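Every number here is computed from the coordinates shown, using simple stated rules; none is lab data. Here the structure is a predicted model, which is why all the values come from computation and not from measurement. Cβ placement follows ideal geometry from the backbone for every residue including glycine, while neighbour counts extend to all protein chains displayed.
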Amino acid sequence: MTAFWCEHAWLPGGLRSGVLVEASDTIRGVSEVDKPPPDAVRLAGVVFPGFANAHSHAFHRALRGRTHADGGTFWTWRAAMYRLAARLDPDSYLRLARAVYAEMAVAGVTCVGEFHYVHHPADGGRYDDPNAMGVALRQAAAEAGIRITLLDTCYLAGGIDTPLAPEQARFSDGSADAWARRISAQRPASHARVGAAIHSVRAVPRAELALVVAAAARRPLHVHLSEQPAENEACLAAYGVTPTDLLYEAGALGPDTTAVHATHLSTRDIELLGGSRTGACFCPTTEADLADGIGPARELRDAGAPLSLGSDQHAVVDPLLEARALEHGERLRTGRRGRFDPGELVTALTAAGHAALGWPMAGRLAPGAPADLVAVGLDSVRTAGCAPSQVHLAASAADVHTVVAGGRVIARDGHHETLGDVGKLLGAAIEELWT
Ligand SMILES: [Zn+2]
C-alpha cells in the first residue's frame, strides 16, 4: 500500500486541497488531510485521475513533422500514411508502439484505445499468428506501463462499392465473418481489453455491418464517422442515408459504441447519436491538422452523447491540449467562451474516456478505481499563477511531473521510469522505418 498526498486533487465532486489517496493497484481510500503524513509520496500541484487517450493509431506517429511541405488534403495525407503502413512488421511495430505509448505515459495517459487495422503482412498474406500485430501492440502497452483496449478493426473495402487498393490489402480479413473468427482468439489480460471497430462506412459494406455489431457483443465498438464531407456524399449517393443513419439501421449505435470525429453531422445525426447514448470521441489536434473541420461537440453532449478525447494521428501527444482544443473549437465555431466548463473537460479526459474504452471504474479518484494519478505542476512558466481549478486550460504535457498507473510510478518529469529517454526511443523507432 502506498499513500499519495496531493496538494490539490480532482475528485468526482470537483477540486479539493490536501487529499490523501491510499492505494495498492487500486485506490483503497481517499480522504482530506491538511498535512502530508511523513510516509506519504507528496504530489505537488493538481492531481488528476489518469487520462484516457480514446483514439490512437500508434504508427501514424512516424508521420509527425513530415507531411507539411506540399499542402494537399486529408486524402493526400492518407497516401503518405499508406506508404508508411507498408513498412511495418510485428517487430518494428512493437518498437514504434512502445515508444509512442511511452510518450503517452509521460504525458499522463494511463489507458489507450488503439484503433488497429494493420493486421496482416504487406502482401496481404497471413502471419503464423494472424493476431501478431495486435500482440505487438499489447506488449508495447505493457512495457510502457499503461492499459490498452485493442479496438480490432474490420476493414474490407477501399470505399463504398470500391475494391481494396493494393496498399490496403493488409488491413483486410476478406469478410466480416473471417475478421470475427480472427478476433475471437484474443483474450483479455489484466492490462488489456479487446474491443472492436468498424473502420468507417467506407471500409465496411452495408451488408457486413450487422455481423460486426453482433461480433462486438457488448464490448467497446468504435467507428470513424463523418470525418470528411466526401464520406457523407458517397454514403448518401450509394445508400440514400447519412453514415450515422446507416449505422443506426445496422444496430451499431448505443452506449457501448463511440463515434470518432463526428465532424459533419445533420441535426438528425446528432439526435440519433445522443438519443442512443452513443459516445463521441473528438481528436481536435488531428481534426485541425488534417483540415477536417470542427464538429458539433456541445450539441452532441447536450443530446446525450458522452464525449471523450483522442490524439489519433499523434501530430501532438498532449491530452491537456486536446481538452483545451475541444473548448477552443467551440469558441471558434460559435463566437462564445465557456462552451464546456472546466469540470466537463476533466470528465472527457478521464472518466468518459475510460468508459468509452470499457474500463468503467477507471478515470476517477475514488475507492475501487485503478490507482492512476497524473500530477500537473503549478510552478512552470506556463502554469505559474493559474487557479488550480483551471490549470488544465493552461498546462501542457510538459507540466505533467509524475504519472502513477496501477499504483506504480511510471513517469517522472518527462522521463519514463523503465524505458528511459522517450525522445531517443522514438527517434530510433521512427528512423528505422524511413531508412
Ligand atoms: Zn482515426
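Ranked by the mean number of other Cβ atoms within 10 Å per residue, highest first, peptides 317-324, 166-173, 183-190 order as 317-324, 166-173, 183-190. In terms of the mean number of neighbouring beta-carbon atoms within 10 Å, the peptides 50-58, 418-426 order highest first as 50-58, 418-426. Using the Karplus relation 6.51 cos²θ - 1.76 cosθ + 1.60 with θ = phi - 60°, the per-residue 3J(HN,Hα) values for segment 164-170 come to 4, 6, x, 6, 9, 4, 6 Hz, with x marking Gly and Pro. The angle separating the long axis of helix 206-216 from the principal Cα axis of greatest extent in the chain is about 40 degrees. Where both bridge residues fall in the chain, DSSP classifies roughly 45% of the beta bridges as antiparallel. Ordered from longest to shortest, the equivalent ellipsoid semi-axes for segment 1-92 are 45, 16, 11 Å, each the square root of 5 times a Cα gyration tensor eigenvalue.
How many angstrom lie between the Cα centre of segment 236-290 and the Cα centre of segment 36-73? When both Cα centres are located, 25 Å separates them. Diffusion of segment 1-47 by Stokes-Einstein, at 25 °C in a medium of 0.890 mPa s and with Rh set to the Kirkwood radius over alpha-carbon pairs, works out to 236 µm²/s.
Between Asp34 and Ser380, how high is the FRET efficiency from 1/(1 + (r/R0)^6) when r is the Cβ-Cβ distance and R₀ = 25 Å? Nearest 0.05. The value I calculate is 0.50. Under a 5 Å amide H cut-off, with hydrogens placed 1.01 Å from N, Ala192 pairs with Ile148 among residues at least 5 apart or on other chains.
Across segment 385-435, Cα-Cα distances exceeding 17 Å account for 54% of all pairs.
Of interest is the spacing of the C-alpha centroids, which for segment 296-335 and segment 116-156 amounts to 27 Å. When only Cα pairs below 8 angstrom with a gap of at least 6 residues are kept, segment 246-389 shows a relative contact order of 17 percent.
Taking θ as phi - 60° and the Karplus parameters 6.51, -1.76 and 1.60, the scalar couplings of segment 391-396 work out to 4, 6, 8, 10, 6, 10 Hz in sequence order, x denoting glycine and proline. Mind pulling the angle between the C-alpha long axis of helix 132-144 and the longest principal axis of the chain? Nearest 10 degrees, somewhere in 0 to 90. Result, in degrees: 10. Using the Cβ-Cβ distance between Ala217 and Arg333 with R0 set to 41 Å, the FRET efficiency works out to roughly 0.65. Springs join every pair of Cα atoms under 10 Å in this Gaussian network model of the chain, and among Ile148, Ile410, Ile198 the largest mean-square fluctuation is at Ile410. Size of the chain from its Cα atoms: along the principal axes, largest to smallest, the extents are 65, 46, 43 Å. Bins of 10 Å, beginning at zero and ending with the bin holding the largest distance: percent of Cα pairs per bin for segment 105-172, please. The percentages, shortest bin first, are 20, 41, 27, 12, 1.
Here's how it looks for Ala411: its modeled amide H is under 5 Å from those of Val403, Glu417, which are all 5 or more places away or on a different chain. Highest mobility in the GNM of the chain, judged by mean-square fluctuation with C-alpha springs under 10 Å and restricted to Ser31, Ser200, Ser276, is found for Ser31. The spacing between segment 393-424 and segment 360-389, judged by their C-alpha centroids, is 13 Å.
Relative to the dominant Cα principal axis of the chain, helix 319-334 is inclined by about 70°.
The sum of -39500 (n - 2.57) across all DSSP H runs of n ≥ 4, divided by the residue count of the chain, sets its helix-only mean residue ellipticity at 222 nm to -10000 deg cm²/dmol.
The calculated Kirkwood hydrodynamic radius for segment 234-297 is 12.2 Å, given to one decimal from all distinct C-alpha pairs.
Before anything else, pin down the relative contact order of the chain: Cα pairs under 8 Å, at least 6 apart, normalised by residue count, whole percent.
Relative contact order of the chain: 21 percent.
Name the shape class, rounded, prolate or oblate, that the alpha-carbon gyration tensor gives for segment 252-356, where a ≥ b ≥ c are the square roots of its eigenvalues, rounded holds for a/c under 1.5, and otherwise prolate holds if a/b is larger than b/c and oblate otherwise. Note, shape of segment 252-356 comes out rounded.
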